[in-house]
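Written below as structure tokens is the structure these notes are about.
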Amino acid sequence: MSGEEPKKKVPLVPESLLKKRKAFADIKAKRLKRLLVQKKLRKDERKLIYKRAQAYHKEYRQMYRREIRMARMARKAGNYYVPAEPKLAFIIRIRGINGVSPKVRKVLQLLRLRQIFNGTFVKLNKASINMLRIVEPYIAWGYPNLKSVHELIYKRGYGKINKQRVALTDNSLIKRCLKKYGIICMEDLIHEIYTVGKNFKAANNFLWPFKLSSPRGGMKKKTTHFVEGGDAGNREDQINRLIRRMN
């Protein structure tokens, strides 16, 4: 017995350290649980966004097919098909600040066109059309198609978050500001703008005015109306060509 080595004493762990370890383990477990919940929520949200995008794609396709079908039916019956009045316009300021009368300046401010080559979406009604008439020599405007709306928001879309201009790089930015209107992703925002939905005003005010480049190939004549070979005024669906050159 005397030849055996004496047993080593196991050092006692202080109670404060045990408590600290237990607390740390609890925090870690809660954090892991929260991360798993967040991961599941993100997955569910991605599925919802994908379903919505599919539904919107189907809706746009049906709208496009319906227009073609109505035109064909009218032609077959020997009539003309007159499409519905457009509800959405895109406005681009094409002239600077020199010699602008106070009334015109005020209307341009209301349209949020404070700089040259700024662009905004506008819902067309009697009041907005009268405003456009006042500032017509200073703007180019028309009726954008789905492709133009899509490209503008995806490429040059900035949101107004805490009164600051923030690039829309993530759906969470849109969700944070527009969730109460049922707009949680980029496709929701595009759909609301393009179809001029009931929350158009909130969606449009969230979008910062688009800062476009000067058009490739230059302007023809800013001071002359589009129908006279210039650039100003209403150019209907030809605005899409100008957007391509400026985007």
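The values are calculated or read from the model by the stated rules, or taken from the named source; none is laboratory data. Values in this document were obtained by computation on a predicted structure and should not be read as measured data. FYI the Cβ positions are ideal-geometry reconstructions off the backbone, even for glycines, and counts take in every protein chain you see. All accessible areas refer to the heavy atoms of the entire protein, side chains included, with ligands and DNA or RNA removed. Shrake-Rupley method; radii C 1.70, N 1.55, O 1.52, S 1.80 Å.
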Inset, instruction - Report, in whole Å, the centroid distance computed from the Cα atoms of region 35-54 and region 204-247. - result: 38 Å
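Ranked by accessible surface with a 1.4 Å probe, highest first, in what order do D44, D237 come?
D237, D44
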Legend entry - Theoretical FRET efficiency, 1/(1+(r/R0)^6), r = Cβ-Cβ of K87 and I27, R0 41 Å, to 0.05: 0.15
Inset, instruction - Could you state how much accessible area K106 has, in square angstrom rounded to the nearest 10, with a 1.4 Å probe and all protein chains kept in place? - result: 110 Å²
Inset, instruction - Search the structure for amide H atoms under 5 Å from the amide H of I94, placed 1.01 Å from N in the peptide plane, and list their residues when 5 or more places away or on another chain. - result: F117, I139, A140
Inset, instruction - Could you state the angle between the C-alpha long axis of helix 146-156 and the longest principal axis of the C-alpha atoms of the chain, as a value from 0 to 90 degrees rounded to the nearest 10? - result: 50 degrees
Inset, instruction - For L124, list long-range residues whose amide hydrogen, built 1.01 Å from N in the peptide plane, is under 5 Å from its own amide hydrogen. - result: L88, A89
Legend entry - Equivalent ellipsoid semi-axes, region 37-176, via Cα gyration tensor eigenvalues times 5, rooted, Å: 32, 30, 10
Legend entry - Protein-only accessible surface order, largest first, of L146, L108 at 1.4 Å: L146, L108
Inset, instruction - Quantify, in whole percent, the carbon and sulfur part of the accessible surface of the chain (1.4 Å probe; protein heavy atoms only). - result: 55 percent
Inset, instruction - Could you tell me which label, among [x] 1.06; [y] 0.99; [z] 1.31, carries the value of Rg/Rh (Cα atoms, Kirkwood Rh) calculated for this structure? - result: [z]
Inset, instruction - Grab the Cα-Cα distance for A55 and S128, subtract it from 0.36 nm times how many residues apart they are, and report the gain in nm with one decimal. - result: 23.2 nm
Legend entry - Largest-first principal axis extents, alpha carbons of region 157-202, Å: 25, 19, 18
Legend entry - Solvent accessible area, Å² - S16, 1.4 Å probe, full protein context: 80 Å²
Inset, instruction - Give the ranking of H225, H191 by solvent-accessible surface, highest area first, calculated with a 1.4 Å probe. - result: H225, H191
Legend entry - Fully extended contour minus Cα-Cα distance, from Q38 to L17, at 0.36 nm per residue: 4.4 nm
